[in-house]
Amino acid sequence: MKILIAEDDYVSRLLVKKAVGKSGHDIIEAENGRLAWELFLEQSPDMVISDWMMPEMDGITLCQKIRASGKKAYSYIILLTAKDKMTDLVEVFDAGADDYIVKPFKPDELRSRIKTGERIIHLERSHHQLQEDLILQNGKLDEALRELKITQGHMLQSEKMASIGQLAAGVAHEINNPIGFIGSNLEALKDYMEDVNEILSRYQKLGRSLAGPAEKSLSAEIKEALKAIRQFEEEKDLDYLKKDIPELLQDCKEGTRRVGKIVADLKSFAHPGNDRQMLVDINKGLESTLNVVYNELKYKAAVTREFGDIPRVEGFPQKLNQVFMNILMNAAQAIEEKGEIRIETKKEGDNVVVSVSDTGCGIKEEHLSKVFDPFFTTKEIGKGTGLGMNMAYNIVKEHKGKIFVQSTVGKGTTVTVSLPGKTG
Ligand SMILES: Nc1ncnc2c1ncn2[C@@H]1O[C@H](COP(=O)(O)OP(=O)(O)OP(=O)(O)O)[C@@H](O)[C@H]1O
Ligand SMILES: [Mg+2]
């Protein structure tokens, strides 16, 4: 143990030194308060035995300064005093001293006081250590809890994707059947209508050939019937119907094709089998993701896409779709009334670069560095979890890619994802 002795009187100092020396401690000496304070700062003694009355700085001030210094390890302080009135003692303890000895003292008494001090130092220090350990453990617990919440949030998102996939697979199965027969019926209808049209044309031709001089030879009854047919034909605009029916059938066919595509996209967007690593066509992934979230975007933004000729990317299609979904949803949510979302893909060196630009509210400069932090959100409580971009960041990192954000408040934001393309 290191003991600092602060005492201006040479004889008293010697006496203290003698009492302390026998117990085998290291001794530092100071002949006034100021020097004692300097030595305290420099050497951090475990114990300070200080006289009360000293030149330059008295023992009480020294005591106060030590307690105010905020030193981590506890130093035990014994004040030597010639006074022992109750009011004096209050001052001693108020200043932060642990003990006092009235001069003149017996060396044995000082030694036993030092022993008590040693025990208290030990207790204080283990208490302090315990506290520090506790704070550390608490910190670790907090960190673990935070990690858990992030993982839980990510899992929830992935689970959502998986259930979309399952749901889509079920719906797709149910829809595919009727879509199938509607499609083939439309095809047959188209053929039938061609024949019906042909028959109608021939009847029309016949009708027309009966008009004029030939009409005289017809019975009044047939003439009447022919007139009624011509009138009805005019009323219903048969020529228009003949032209329009095939067009309508064509539109219906296009409609069934689109329904089929949406279902297929939904399936491929989050199909359970798509969670395996494979070669991914990013343009296709974007297309199917767009179809899935289109309902969320269409009221907010005109979507333009400029898809380039890009190599495939090795990775997990479902996860990558999730990245695009989060980015597209953010873009739509950033647009207050009506705006634009532009999706561009291109090849840059060996990389596939996808950028999604919106004309939304933009991101404040001080928020830019936080966008990828878990739980960072500027959305109302209950609206955003703040995990979307964090998840996107993790997935892009897992694919050895990069993601970054450029933004101007009031103008809009561009999120760029760059992924290594599969070459060769
Ligand atoms: N395109 C964007 N335009 C403006 N701000 C954006 C854009 N993308 C992200 N941000 C900002 O970054 C924050 C974090 O985005 P993130 O997707 O991680 O969480 P969120 O959208 O708030 O919630 P969640 O995605 O869980 O619903 C958003 O709250 C928003 O402030
Ligand atoms: Mg989001």
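Quick notes
- Using θ = phi - 60° and Karplus 6.51 cos²θ - 1.76 cosθ + 1.60, couplings along the stretch 302-309 (whole Hz; Gly, Pro as x): 7, 9, 10, 10, 10, 8, x, 7
- Crossing angle, helix 388-398 versus the chain [Cα axis fit, 0-90 degrees, rounded to tens]: 90 degrees
- Using C-alpha pairs under 8 Å with a sequence gap of at least 6, the mean separation divided by the residue count of the chain gives a relative contact order of 10 percent.
- When each of the peptides 407-418, 320-331, 53-64, 225-236 is scored by how many other beta carbons lie within 10 Å of its residues on average, the order from highest to lowest is 320-331, 53-64, 407-418, 225-236.
- For GLY24, the shell of other residues with beta-carbons less than 14 Å away shows a net charge of +3, using +1 for Lys and Arg and -1 for Asp and Glu.
- Part-to-part distance (alpha-carbon centres) for the stretch 344-393 and the stretch 220-244, which is given in Å: 65 Å
- Directionally averaged projected area (convex hull, Cα atoms, the stretch 364-424), nm²: 5.1 nm²
- Cross-link partners of LYS223 among aspartates and glutamates (Cα-Cα below 17 Å; sequence separation of 8 or more within a chain): GLU215, GLU233, GLU234
- For ILE335, neighbours were defined as the other residues whose beta-carbon sits under 14 Å from its Cβ, and their charges (Lys and Arg +1, Asp and Glu -1) total +1.
- Summed side-chain charge close to ASP237 - residues other than ASP237 whose Cβ falls under 11 Å, Lys, Arg +1, Asp, Glu -1: -2
- With a threshold of 19 Å on the Cα-Cα distance, the over-threshold entries among LYS300/LYS346; LYS2/LYS22; LYS261/LYS284; LYS402/LYS422 are LYS300/LYS346.
- Placing +1 on each Lys and Arg Cβ and -1 on each Asp and Glu Cβ, with no other charges, gives the stretch 168-270 a dipole about its Cα centre of roughly 120 debye.
- The C-alpha atoms of the chain define a longest principal axis, and helix 220-236 lies at about 20 degrees to it.
- For the stretch 327-338, backbone phi angles converted through the Karplus equation (6.51, -1.76, 1.60; θ = phi - 60°) give residue-by-residue couplings of 5, 5, 5, 4, 4, 5, 5, 7, 8, 6, 10, 9 Hz, Gly and Pro being listed as x.
- Viscosity 0.890 mPa s, 25 °C: Kirkwood-radius Stokes-Einstein D of the stretch 193-336 over Cα pairs, µm²/s: 120 µm²/s
- Using alpha-carbon coordinates, inclination of helix 59-68 to the longest axis of the chain, degrees: 10 degrees
- Estimated 222 nm signal from helices in the chain, with DSSP H stretches of n ≥ 4 weighted -39500 (n - 2.57), rounded to 500: -20000 deg cm²/dmol
- Projected label distance in nm at GLU194 and VAL409, using a 7 Å step from Cα toward the beta-carbon: 6.5 nm
- Approximating the spin labels as points 7 Å out from Cα along Cα→Cβ, the PHE232-to-ASP88 distance works out to 13.2 nm.
- Added length on full extension, which subtracts the Cα-Cα distance from 0.36 nm per residue, LYS379 to LEU145: 82.0 nm
No lab work stands behind these numbers, since they all come straight from the coordinates. For clarity, every value in this text was computed on a predicted model and none was experimentally measured. Cβ coordinates were reconstructed from backbone atoms using ideal geometry, including for glycine residues, and neighbour counts include every protein chain displayed.
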